[in-house]
1. Which of the residues that make up segment 585-630 are at pLDDT below 90 and either at positive phi or touching a Pro at 6+ places or on another chain (Cβ under 9 Å) (or both)?
2. Going through segment 483-499 one residue at a time, which ones are closer than 27 Å to residue 333 by Cα and open to solvent by less than 30 Å² (accessible area, probe 1.4 Å)?
3. Residue check: is residue 388 more than 22 Å from residue 340 (Cβ to Cβ) and either open to solvent by less than 20 Å² (accessible area, probe 1.4 Å) or modelled with pLDDT under 95 (or both)?
4. Where in segment 344-444 are there helices (runs of 4 or more DSSP H), lying wholly inside it, with at least 2 residues that are touching a residue at least 40 places away in the same chain (Cβ under 8 Å)?
5. So residue 728 passes all but one of these: (1) surrounded by fewer than 19 Cβ atoms within 10 Å (Cβ to Cβ); (2) within 21 Å of residue 677 (Cα to Cα); (3) touching a residue at least 40 places away in the same chain (Cβ under 8 Å). Which condition number does it fail?
6. From the list 812, 796, 855, exactly one residue is surrounded by 17 or more Cβ atoms within 10 Å (Cβ to Cβ) and under 19 Å from residue 770 (Cα atoms). Which is it?
7. Of all residues in segment 275-295 being of a type in the set (S, T, N, Q) and in a loop (DSSP other than H, G, I, E, B), which is least open to solvent (accessible area, probe 1.4 Å)?
8. Take the residues of segment 1-44 that are under 16 Å from residue 82 (Cα atoms), surrounded by fewer than 17 Cβ atoms within 10 Å (Cβ to Cβ) and acidic (Asp, Glu): which is modelled with the highest pLDDT?
Amino acid sequence: MTDPVTSLAELIADAIAGNPTKIRSELAIAQTQTLYQLVQDKFQHESEVSDALAVIEQGSSTALDHLIEHLKLALQQDAEFAAEAQAIIQSIYPEKLQSLDGMTMTATGNAQAFQTKVEGGTAYVGNNYITQPQPLPSPVGIPENLPRSGIEPEKFVGRADELKWLHHRLQQENCVAISAIAGMGGVGKTELALQYAIAHQNDYSGGVCWIEAREQNVAAQIVDFATVHLGLNLPNNLTKLTDQVCWCWQHWNLNQVLIIFNDVADYANIRPYLPPPNSRFHVLLTTRLRLLKDSERLELNVLHPDAAMLLLGLLTGAERVEAEAVVARTICQWLGYLPLGLELVGRYLARKPDLSLAAMLERLQAKRLEQQALKKPKSEADMTAQMGVADAFDLSWREIPSLAQMVGCFLSIFDVVPIPWNLVEECFPNHEEEELEEARDDFLLAFHLLQREGKQAYRLHELIREFFQVKLVELEQTDSLWQAVTLKVAAIAKHNPLLVSETLRKKWLNWQWITDVTQLTALDWGWQVRTASHAWIEGLGALARITFHLRDDGTLPTLGVSLNQQYLDQPWGPIPYVRTGWSFSPPRAKTVVDLPPESQHIFQDDDAARISAWSILSDAGWNHFTSAPLNLQTSWAWQRTFEGIVSSLTARLKDRSLPVQAGYLSLEAAWYAAAHLLKRDPFLITPTLLDTLEEPLSRTEPSSLTLRMQHCYKQLRIEIEAARHRGQTHLCLPLSVQNFRQHNWAPDSLLAYATNIYQGAVEGYERIVTTWFSRLVPKLPLAAIFPVQLVGVVVPPCFSSEGISISQFWQPLPKNQLSGVDFRLSDRPISTDDSRWRAAQEQFRSLHPQTSLHPNITVHSTSRLTSQWLGVCPVTELVYQWLWNDLQRAGWVKEGRLEEAGHPYWR
């Protein structure tokens with residue numbers, strides 16, 4: 001009789017040689033690979049065995065005998081190797097291993113391997129033992145440990161396509177089917193996996209094993225299932241959980257098996273316990289992470305609006321939903337069609353049959369995520385979900401770093417619309433691009449807290465946005481959302497006011513944060529206006545001095561505010577209005593106060609009452625009263641203050657009254673003021689004695705002048721001082737201007753005049769932009785390409801009765817060069833064949849590839865040359881037209897054109 005050691009060694013060698021491959025099961029084939037690896041590792045330092053393994057599959061009987069001898073020795077001397085080998089052989093040749101029952105194995109030398117006593121089918125091996133397979137009790141039905149679903153199959157709606165995808169993926173042949181259901185918290189990943197397992201349980205007669213992967217012992221759950229539901233008895237010598245799990249997979253029954261790992265927070269925690277590569281095991285993960293390949297992962301989205309309505313009706317009652325269908329759809333939209341939110345609200349409504357859906361919506365809008373309907377009560381223990389909406393999101397919040405948290409809170413201040421990622425990058429200037437990308441890709445997107453909406457655009461789900469807003473209030477350490485959002489937008493405006501203006505233009509802040517105007521007091525609304533004003537002032541720099549009403553020291557005065565209802569007797573009324581006024585009296589302890597009672601007369605039609613109130617308030621230091629309708633959108637205070645900035649800028653440009661230092665632009669305003677002061681024609685070119693200007697100038701009362709003339713008189717004072725500083729006694733126009741106005745219209749004179757005018761305009765524009773608009777330059781198309789050269793051609797008339805034309809284009813220059821003009825005479829305008837035009841195009845491509853100002857040739861021509869060619873103040877007109885075009889493209893002046901601007905107009 002062959003001894004047990006020899007029999008076991010022969011079985012091992014036979015399995016490795018692959019003799020009975022045709023009749024083996026898929027499990028046996030997989031276990032043979034494991035056995036081969038075990039033997040190879042055992043003899044990795046013995047070249048003779050390695051050589052035998054290399055040729056044994058080719059039918060070498062010598063190599064086979066050689067391997068058996070080495071195996072016999074190893075089995076007698078290494079008890080652990082013997083135990084592992086016999087366990088694998090047991091699954092490959094269960095019928096042959098039965099014949100070893102009762103056999104005696106003898107250890108040689110000092111080996112503690114097989115002892116001489118065999119009892120009850122067990123061969124004792126020193127301190128270890130090898131158990132012969134005993135008949136296993138057949139489980140009744142399909143082994144499974146599925147949790148109870150809180151949703152009946154008929155109420156599980158809107159997921160038919162997802163169920164089909166799962167089944168197709170998990171049932172693919174010739175592969176180990178590992179698939180994942182991924183999505184944000186509350187989207188229904190667990191419920192989908194559970195409903196799939198219930199619906200297809202009969203397809204997995206080998207068992208359906210449900211494992212909770214978050215914060216629970218995965219290995220222990222697998223072992224428990226094998227012992228409780230499969231009746232497997234683990235050998236006592238397997239002390240490591242990984243070994244126990246491996247043993248369970250090896251001894252699992254041979255039918256199709258579905259293993260579900262629910263809520264995987266870290267793939268590394270389950271990877272050691274995944275079943276072996278065998279096509280009968282089908283693995284399904286549910287996770288908030290983006291695990292596996294795209295083809296192996298089902299991205300679970302929220303429900304379609306119609307499916308959301310159906311689910312709400314099934315939970316609440318179809319009659320209630322149909323009776324308030326519009327409100328029901330609004331509730332579904334407010335919940336972002338999130339299954340968890342819909343189920344919680346539906347169950348809440350079911351518990352409260354007398355609560356209308358309209359009242360439910362009001363409660364949601366008032367308390368948001370703190371509403372009881374979005375929390376899981378103890379009475380709803382049968383729900384599949386284990387927590388409410390906020391708690392579900394909080395699990396992900398705790399796992400992302402602080403930068404990702406800050407980015408999420410930042411995005412929550414905007415409406416639920418796609419937001420371009422460059423906005424985030426510009427609002428986090430202290431963080432590198434790669435840092436922000438990591439926060440976005442590896443955390444916010446990976447945890448399904450953020451959704452990608454096209455190239456470089458992202459949005460938050462409605463309820464995740466609500467969650468981030470709660471966290472924003474905590475981070476900003478404020479008492480309310482409206483304060484937190486206002487402070488966050490203020491921080492943006494202080495850093496980059498252009499971003500806030502773009503946000504307003506694209507209506508990203510047009511969402512309601514309250515439902516009733518009375519939720520905030522007049523002082524609350526005033527605080528928003530003053531906070532916005534202060535942020536704009538800090539962000540705009542010098543420009544704030546000419547767009548805001550400030551104290552002499554440059555600080556904001558005290559804001560007075562009142563809240564009033566107007567149009568009470570109108571069908572569309574009442575409409576709330578916020579009235580404001582600014583107090584320039586000595587600063588108070590409070591920066592926002594109630595408007596004095598007299599201020600109500602300022603806004604009434606009674607002239608006598610208004611004049612009386614104005615007198616009283618003016619004496620008390622009050623001024624600049626305004627009244628504007630109130631809306632409940634986040635953008636209200638910012639839109640209101642921005643409109644004030646735009647109105648002020650528009651007026652300044654229309655009056656050509658932006659303060660400027662001495663230069664040609666200033667000289668034109670001064671010359672116009674001198675003509676006005678001395679009551680003479682501004683086209684006269686005679687130099688004016690400074691002494692004759694200073695005396696009447698000192699007697700002029702500014703309040704008697706228009707704003708336009710006040711500006712011109714200020715520039716006259718500046719030019720007089722500059723002329724005195726240069727040692728001049730007269731205020732003079734440039735020689736080229738004098739020659740032109742004296743009808744010296746020779747071609748060279750015309751070229752000199754045009755060159756002088758355009759050079760002065762380029763210098764004036766650059767100076768005025770540098771002085772007042774430096775914070776806006778990135779959004780001003782022309783200003784953004786400076787320094788520049790204005791290249792032009794003057795085509796003079798051949799006869800006095802003919803017209804004249806100027807054609808020109810902009811050519812960018814490197815940053816270290818000075819701006820200027822390059823005008824020449826020609827008999828025809830510039831064409832695209834001009835070498836200078838081709839050079840300009842190349843400069844645009846190399847220096848400003850992203851500019852919105854595309855190079856083009858402009859031509860100005862007149863039918864007849866006169867002394868008013870280019871206008872009375874041509875430099876002023878050119879500068880303000882360029883500036884108007886720039887600001888209008890950026891949205892910083894009102895729509896329309898600059899009246900009476902361009903050639904040859906003057907006011």
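The values are calculated or read from the model by the stated rules, or taken from the named source; none is laboratory data. Keep in mind the model is a prediction, meaning the values are calculated, not measured. Glycine also receives a Cβ, built like all others from the backbone with ideal geometry; neighbour counts cover every protein chain displayed. Please note that ligands, DNA and RNA were not included when accessible areas were found on the heavy atoms of the full protein model with its side chains. Shrake-Rupley method; radii C 1.70, N 1.55, O 1.52, S 1.80 Å.
1. Within segment 585-630, just 587 meets the criteria.
2. Step one: list which residues in segment 483-499 are closer than 27 Å to residue 333 by Cα, which gives 483-486, 488-489.
Once the filter is applied, which keeps residues that are closer than 27 Å to residue 333 by Cα and open to solvent by less than 30 Å² (accessible area, probe 1.4 Å), segment 483-499 yields 484, 485, 486, 489.
3. Details: more than 22 Å from residue 340 (Cβ to Cβ): no; either open to solvent by less than 20 Å² (accessible area, probe 1.4 Å) or modelled with pLDDT under 95 (or both): yes.
Taking the combined requirement at face value, the residue does not satisfy it.
4. Values: elements: 357-367, 389-397, 402-411, 421-427, 433-438.
Fully inside segment 344-444 and qualifying: 357-367, 389-397, 402-411, 421-427.
5. The failed condition is (3).
6. On the way: 796 fails: under 19 Å from residue 770 (Cα atoms); 855 fails: under 19 Å from residue 770 (Cα atoms).
From the options 812, 796, 855, the qualifying one is 812.
7. First pass over segment 275-295, keeping only residues of a type in the set (S, T, N, Q): 278-279, 286-287, 295.
Now restrict to residues that are in a loop (DSSP other than H, G, I, E, B): 278-279.
Values: 278: 6, 279: 38 Å².
Once the filter is applied, the top-ranked residue is 278.
8. Top of the filtered list is 41.
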